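Here the structure comes first, spelled out in C-alpha cells, and everything after it is commentary.
Since every read-out is calculated from the coordinates, none of them should be taken as a lab result. Quantities reported herein were computed from a predicted structural model and do not represent experimental measurements. Ideal geometry is used to build each Cβ from the backbone, glycine not excepted, and the neighbour counts take in all protein chains shown.
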C-alpha cells in the first residue's frame, strides 16, 4: 500500500500544474506566432493557427510528459495542425479568394475540364462504387476528409480496421484502373 502511494505521489510531482502549463504556453505565444507566419505566410491564417494550436495544447495537457521538451511539444502540435489543415484543403481542392472589397469566394479548382478527364473521373467513381460495401464506405469517408478516428467511431470499427480497409480499397482501385495510368 505504501508503494502505491509513493508511485501516485511521484506522478503528481511529475505533473505540471495548470498554472505552470498556462504560463509556459503564454510565454511561447510570440515564438508560435512567428513560426505560424513562416508556415502560412499570412497574418490572419497565422493567428488562426496559433489559436488552434493553443486550444489543442490545452485540451491535451494531460498527454504532456513533464520530462519532455515543452517547446518542442507545442511546436509539433502546430506543425501537425498546419499539415492536417493543408492536406484537408488539398484533398478537397478548395481555395479561398479574397476580393479587394472584402468578399470571400470559395471555389473548387476545375482540373477536370476536358472530356478525357471527365470520362476518367466518371470511370473512377464507377469503380469506387463497385468496391465491396465494407471497404467502399470507409474509403469514401476518408476521401471526403474524415479522419481515421471519426470513421472508426461512425462505423463502430477499430481504427486499425479502418486503416486496413482504406489501404485495401486503394490497392484494388490501383489494380482496376491500371489501364488509365498507361
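Summary table below
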quantity: Dimensions (Å) - the range 18-76, Cα atoms, principal axes, largest first; calculated: 33, 17, 17
quantity: Rg followed by Dmax, in Å, when the range 115-181 is reduced to its Cα trace; calculated: 12.8, 41
quantity: Approximate spin-label separation residue 19-residue 42, in nm, with each point projected 7 Å along Cα-to-Cβ; calculated: 4.0
quantity: Length added when fully stretched, residue 175-residue 126, from 0.36 nm per residue minus Cα-Cα; calculated: 16.2 nm
